[in-house]
2 protein chains.
Amino acid sequence: MKAVVTVTPKKSVLDPQGAAVAQALAHHGLENIGKVRIGKSIEIELPAGTIDEARLHQLCRDFLSNPVIEDYTFEIVA
Amino acid sequence: MKAVVTVTPKKSVLDPQGAAVAQALAHHGLENIGKVRIGKSIEIELPAGTIDEARLHQLCRDFLSNPVIEDYTFEIVA
């Protein structure tokens, strides 16, 4: 099985990397671009049945994200 | 509309950040963990109809990823 965790900066937190990319995309011809936010995508390969959602939430909260400034989502792929 | 671009290191490329996270997760009790790969997740907000898939492929290839060492996927969210 594979778990894909996506960690993004919270909406209330400044994301200078995203702002830089938005500005560069605007110069590339996407004049009316909105917000860009850049986060991390973490792909974890595990033997099937090794982890359940509760444990994955715990790892995301304690270890893979900084809950003060980041949100996370994950999906478990078969 | 929102486009979510995920950029990951190619399988053949060493991912030291992923290796470090895998090792740390193993110490956190996931002894039989497999590979971990860490990439970027880029959320782009745009007015509807501003961009088509071909243009997004072009931006991903030319600008958002380094095709020598990275793969990308994207999905367009309504």
Between A:LYS10 and A:GLU70, what is the spin-label point distance in nm, taking each point 7 Å from the Cα along the Cα→C-beta axis? 1.4
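For chain A, what is the charge dipole size about the Cα centre, in debye to the nearest 20, if Lys and Arg each add +1 at the Cβ and Asp and Glu each add -1 at the Cβ? Could you put the intermediate results ahead of the total?
On the way: 8 positive and 10 negative charges, 42 e Å.
Using Cβ point charges on Lys, Arg, Asp and Glu, chain A gives about 200 debye.
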Would you tell me the mean number of C-beta atoms belonging to other protein chains that fall within 10 Å of each C-beta in B:10-16, as a whole number? 0
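Can you give the direction-averaged projected area of the convex hull of the alpha-carbon atoms in chain B, in nm²? Before the final figure, lay out each step's value.
Working: hull surface 25.0 nm².
The number I arrive at for chain B is 6.2 nm².
If we sort A:36-45, B:27-36 on the protection proxy, mean other Cβ atoms within 10 Å, highest first, what's the order?
Numbers: A:36-45: 21.9, B:27-36: 14.2.
Top of the packing list down: A:36-45, B:27-36.
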Please report, in Å, the Rg and the Dmax of the protein assembly as shown, where both are computed over Cα atoms only. 16.4, 48
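Would you mind calculating the relative contact order of chain B from Cα pairs under 8 angstrom and at least 6 residues apart, reporting the percent as a whole number?
Numbers: 98 pairs, mean separation 42.8, N = 78.
Reported as a whole number, the value is 55 percent.
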Lysine pairs with alpha-carbon atoms under 22 Å apart, the protein assembly as shown, spacing 8 or more or separate chains: 25
Give me the one-decimal nm value for the distance between modelled label points at B:GLN58 and A:GLU45, 7 Å along each residue's Cα-to-Cβ direction. 3.6
Note: A:25-37 gets an average of partner chain Cβ contacts (10 Å, Cβ to Cβ) equal to 5
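Across the residues of A:41-51, average count of Cβ atoms on other protein chains within 10 Å?
Numbers: counts 12, 10, 10, 11, 6, 7, 4, 0, 0, 5, 4.
For peptide A:41-51, the averaged partner shielding equals 6.
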Any idea what angle helix B:16-27 forms with the longest principal axis of chain B, computed on alpha-carbon atoms, 0 to 90 degrees, nearest 10? 50
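Summed for both chains, how many Å² of accessible area, to the nearest 100, are buried between B and A with a 1.4 Å probe?
Values: alone 5640 and 5630 Å², together 8620 Å².
Interface area, both chains combined: 2700 Å², rounded to the nearest 100.
The values are calculated or read from the model by the stated rules, or taken from the named source; none is laboratory data. Owing to the predicted nature of the structure, the values given are computational and were not obtained by experimental measurement. Note: ideal-geometry Cβ built from the backbone for every residue, glycine included; neighbour counts use all protein chains shown. Side chains are part of the model used for accessible areas, which takes the heavy atoms of the whole protein and leaves out ligands, DNA and RNA. Shrake-Rupley method; radii C 1.70, N 1.55, O 1.52, S 1.80 Å.
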